[in-house]
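Scroll down for the structure; my scribbles are underneath it.
The values are calculated or read from the model by the stated rules, or taken from the named source; none is laboratory data. Small disclaimer: the values here were computed from a predicted structure and weren't measured. Glycine gets a Cβ as well: all are built from the backbone with ideal geometry, and neighbour counts include every protein chain shown.
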Amino acid sequence: MQTVGSWISVPIVAIIIQAIIFAVLHSYNTIALLSIVCTGTIFGVVAWYSKSLEISTAMHSANNILSAITVSDATTITLWDSAEMIIKILVIVALILILAKKFNFFKFKSDT
């Protein structure tokens, strides 16, 4: 994210490019890859907003743990599985950002 962002001055373009790279590094079916692009985009927005990779890394770890618990076969992920995963990620994002903001873990862009 930071490397791509240093090459491209438009944050949303850098976020989408890194999300696509993030998805390509996973070997799942097409629906799952689209879900991973969405997930990577969410992680990228959070990294950009928080000015750090720590929150995105925490979310990625939480997502992997949830996926390991809830997804029985990653090669046959359905559209419902993808939607469910994105909803879980958004809940995780909200919780982590609320906690980070409340306890001032990071300097957010809105604080400057």
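Some notes on this structure:
- Within the range 45-66, the presence of at least one residue that is over 27 Å from Thr3 (Cα atoms) and either modelled with pLDDT of 75 or more or surrounded by fewer than 19 Cβ atoms within 10 Å (Cβ to Cβ) (or both) is confirmed.
- The requirement of being surrounded by 14 or more Cβ atoms within 10 Å (Cβ to Cβ) and outside any helix (DSSP H, G or I) is fulfilled nowhere in the range 82-104; no residue meets it.
- First in the range 64-92 and of a type in the set (Lys, Arg), second anywhere and modelled with pLDDT of 75 or more, Cβ under 8 Å, 6 or more apart: Lys88/Asn63; Lys88/Leu66
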